[in-house]
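Chemist: Submitted below is the structure of interest, expressed as structure tokens.
The values are calculated or read from the model by the stated rules, or taken from the named source; none is laboratory data. The shown structure was predicted, so the numbers you read here are calculated from the model rather than taken from an experiment. Here the Cβ is made from the backbone with ideal geometry for all residues, glycine too, and neighbour counts use every protein chain on show. The accessibility values were calculated without ligands, DNA or RNA, using every heavy atom of the protein model including side chains. Shrake-Rupley method; radii C 1.70, N 1.55, O 1.52, S 1.80 Å.
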Amino acid sequence: AAYAPLCRRVAEEAKATVVLARPPLRFAITTAGFRKLTARHPGVKTWAVGGHSHGGGTMGGMLVAESLPGEVRGLAMLGAVPIINFGPVIDLSARRDLEVLNVLATEDGIVSPKKGAMLNYGGGLVEDMFKRLPKSTRRVVIKGGNHAGFGDYGIQAYDGERTISLEDQQSQTARHLVAFLNRVKKRY
């Protein structure tokens, strides 16, 4: 429910099918879960996956993108980075066939885009984690946004405070996701 408004907005603006998965244990989609989604939507020819935090990073979208390189053409990561100390080590840096969008927020206390910031969950420098993404990754930083603002689930421990409205953060996020989906569609 926390991501439904954003997904609905992206679907309408991108004129694309957007599927919001209910992952096992409410954590992140798996390769098996992705296969079930594609089977339910046989008319969709080009797939992109994405998610927020661990759902977009190593424990979710990245894992699916790595496991299914011929099927997944795009990866959208919201408030997410590849995590080295928490979950499998996934390195997509050599991928040239994958469109990647990484959206961060200046007030994100979990995955801060600020130089020298440490990752709150999993440890390590945030900027070092980006080396595991393709060089062509488009990184966008939403000024005034925070970690919880990529969804609508309330306050999260260790997060910073938004200095923009939730509507503004969601609007900016949707705009970047729509542009990302259009790039994926155009490329494939």
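Chemist: Go through the stretch 141-180 and give me each residue that's over 21 Å from PRO82 (Cα atoms) and in a helix (DSSP H, G or I). Outline the logic, then answer.
Modeler: Start the filter on the stretch 141-180 by keeping residues that are over 21 Å from PRO82 (Cα atoms), which leaves 143-144, 152-155, 161-172, 174-175, 178-179.
If the condition is that a residue be over 21 Å from PRO82 (Cα atoms) and in a helix (DSSP H, G or I), then LEU166, GLU167, ASP168, GLN169, GLN170, SER171, GLN172, ALA174, ARG175, VAL178, ALA179 are the ones that fit.
Chemist: Determine which member of the set GLU66, GLU12 is open to solvent by 30 Å² or more (accessible area, probe 1.4 Å) and free of Cβ contacts under 8 Å to residues at least 12 places away in the same chain.
Modeler: Residue meeting the stated conditions: GLU12.
Chemist: Spot the failing condition for TYR121; the list is (1) open to solvent by 30 Å² or more (accessible area, probe 1.4 Å); (2) at pLDDT below 95; (3) in contact with a helix residue (DSSP H, G or I) (Cβ under 6 Å, 6 or more places away or on another chain), and only one is missed.
Modeler: Every listed condition holds for TYR121 apart from (3).
Chemist: With (1) free of Cβ contacts under 8 Å to residues at least 40 places away in the same chain; (2) buried (at least 19 other Cβ atoms within 10 Å of the Cβ) as the list, and THR137 as the residue in question, which single condition is left unmet?
Modeler: All conditions pass for THR137, except number (2).
Chemist: Looking at the stretch 21-36, which of its residues are assigned to a loop (DSSP other than H, G, I, E, B) and either open to solvent by less than 80 Å² (accessible area, probe 1.4 Å) or at pLDDT 85 or above (or both)?
Modeler: If we filter the stretch 21-36 for residues that are assigned to a loop (DSSP other than H, G, I, E, B), which is where we start, we get 21-23, 27-30.
Within the stretch 21-36, ALA21, PRO23, ALA28, ILE29, THR30 qualify.
Chemist: Among the residues of the stretch 51-64, is there at least one that is hydroxyl-bearing (Ser, Thr, Tyr), modelled with pLDDT of 90 or more and on the phi < 0 side of the Ramachandran plot?
Modeler: No.
Chemist: Just for the stretch 96-106: of the residues that are without any contact (Cβ under 8 Å) to a residue 60 or more places away in the chain and in contact with a strand residue (DSSP E or B) (Cβ under 9 Å, 6 or more places away or on another chain), which one is surrounded by the fewest Cβ atoms within 10 Å (Cβ to Cβ)?
Modeler: To start, the set of residues in the stretch 96-106 that are without any contact (Cβ under 8 Å) to a residue 60 or more places away in the chain comprises 96-98, 100, 102, 104, 106.
Checking which are in contact with a strand residue (DSSP E or B) (Cβ under 9 Å, 6 or more places away or on another chain) leaves us with 97-98, 100, 102, 104, 106.
Details: ASP97: 11, LEU98: 21, VAL100: 23, ASN102: 25, LEU104: 23, THR106: 17.
So the residue we want is ASP97.
Chemist: Take the residues in the stretch 107-118 that are touching a His at 6+ places or on another chain (Cβ under 7 Å) and over 19 Å from VAL89 (Cα atoms); name whichever of them is most open to solvent (accessible area, probe 1.4 Å). Can you show your working first?
Modeler: As a first pass, look at the stretch 107-118 and keep what is touching a His at 6+ places or on another chain (Cβ under 7 Å): 108-111.
Then keep just the ones that are over 19 Å from VAL89 (Cα atoms); that gives 108-110.
Details: ASP108: 4, GLY109: 27, ILE110: 4 Å².
Top of the filtered list is GLY109.
Chemist: Something else: Do you know which residues across the stretch 145-175 are surrounded by fewer than 18 Cβ atoms within 10 Å (Cβ to Cβ) and modelled with pLDDT of 95 or more?
Modeler: Scanning the stretch 145-175 gives GLU161, THR163, SER165, LEU166, GLU167, ASP168, SER171, ARG175.
Chemist: Also, quick follow-up: Looking only at the stretch 39-56, count every residue that is buried (at least 20 other Cβ atoms within 10 Å of the Cβ) and either over 20 Å from ALA1 (Cα atoms) or among the β-branched types (Val, Ile, Thr) (or both) and tell me the total.
Modeler: Quick first cut of the stretch 39-56, residues buried (at least 20 other Cβ atoms within 10 Å of the Cβ) only: 47-56.
Those still in the list that are either over 20 Å from ALA1 (Cα atoms) or among the β-branched types (Val, Ile, Thr) (or both) too: 47-49.
Selection size over the stretch 39-56: 3.
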